[in-house]
Amino acid sequence: MMVEGTRWRRVDDDRLAGLAEGQLLRVVVKERPLCFVRMNGELRALADRCPHQGKPLSGGWCDDGHVVCPYHRFHFDPVTGKARHGVCSNVEVFPLEQRQDGLYIGFPYTTFRVFGIDLW
Ligand code: FES
């Protein structure tokens, strides 16, 4: 049967602790480029790939509670990933958890489970 889940990976990057409000930072976790942003005091993680033409969002800036892509200036909500005014697809966002041993990010996955064993 098909199952969905979340794989949690630790984010080892000391720069995140000092990330200022409204600042963007590119961090690669398990070969996935991510755009981290601190907004309203909360750290958020988005795919560092604009859904419009695939450019990195981490080169952009924040405006009115949104991450702005530096190429065509589309705005994305860092909590939901929603593109403002529905101008293009939404950007993928990822859950974060601060645990005793560090910051973790959750990557969703879908796999096929046979006799209780996930195939990938
Ligand atoms: S590539 Fe991001 S808005 Fe066009």
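All of the numbers you see were taken from the coordinates with simple rules; none came from a lab. Keep in mind that this is a model prediction, so the values were computed, not measured. For neighbour counting, all protein chains shown are included, and Cβ atoms are generated from backbone atoms with ideal geometry for every residue, glycine included.
Give the range 65-83 a look and list any residue that's more than 11 Å from the ligand (Cβ to nearest atom) and touching a residue at least 12 places away in the same chain (Cβ under 8 Å), or say none. Quick ask: steps written out before the conclusion?
Filtering the range 65-83 for residues more than 11 Å from the ligand (Cβ to nearest atom) gives 65-66, 77-82.
Correct list: Gly65, His66, Asp77, Pro78, Val79, Thr80, Gly81.
Of all residues in the range 103-116 being in a strand (DSSP E or B) and over 26 Å from His66 (Cα atoms), which is farthest from the chain's Cα centre (by Cα)? Step through it out loud before you land on a result.
Here is the first cut: in the range 103-116, the ones in a strand (DSSP E or B) are 103-114.
From what's left, over 26 Å from His66 (Cα atoms): 109-114.
On the way: Tyr109: 15, Thr110: 18, Thr111: 21, Phe112: 25, Arg113: 27, Val114: 30 Å.
The selected residue is Val114.
Going by the conditions given, is Val3 surrounded by fewer than 12 Cβ atoms within 10 Å (Cβ to Cβ), part of a strand (DSSP E or B) and among the hydrophobic types (A, V, I, L, M, F, W, C)? Walk me through how you get there before you give the answer.
Numbers: surrounded by fewer than 12 Cβ atoms within 10 Å (Cβ to Cβ): yes; part of a strand (DSSP E or B): yes; among the hydrophobic types (A, V, I, L, M, F, W, C): yes.
Yes; evaluated as a whole, the condition is true for this residue.
Kindly establish whether Arg44 is within 14 Å of the chain's Cα centre (by Cα), in a strand (DSSP E or B), of a type in the set (Lys, Arg) and away from the ligand (no atom under 16 Å from the Cβ). Don't jump to the end; show me each part of the working.
On the way: within 14 Å of the chain's Cα centre (by Cα): yes; in a strand (DSSP E or B): yes; of a type in the set (Lys, Arg): yes; away from the ligand (no atom under 16 Å from the Cβ): yes.
Yes; evaluated as a whole, the condition is true for this residue.
If you check Val79, Val91, which single one turns out to be surrounded by fewer than 18 Cβ atoms within 10 Å (Cβ to Cβ), in a loop (DSSP other than H, G, I, E, B), out of contact with any His (no Cβ under 8 Å at 6 or more places or on another chain) and not polar (S, T, N, Q)? Even if it seems obvious, please write down each step before you answer.
Details: Val91 fails: surrounded by fewer than 18 Cβ atoms within 10 Å (Cβ to Cβ).
Step by step, each of Val79, Val91 is checked, and only Val79 is surrounded by fewer than 18 Cβ atoms within 10 Å (Cβ to Cβ), in a loop (DSSP other than H, G, I, E, B), out of contact with any His (no Cβ under 8 Å at 6 or more places or on another chain) and not polar (S, T, N, Q).
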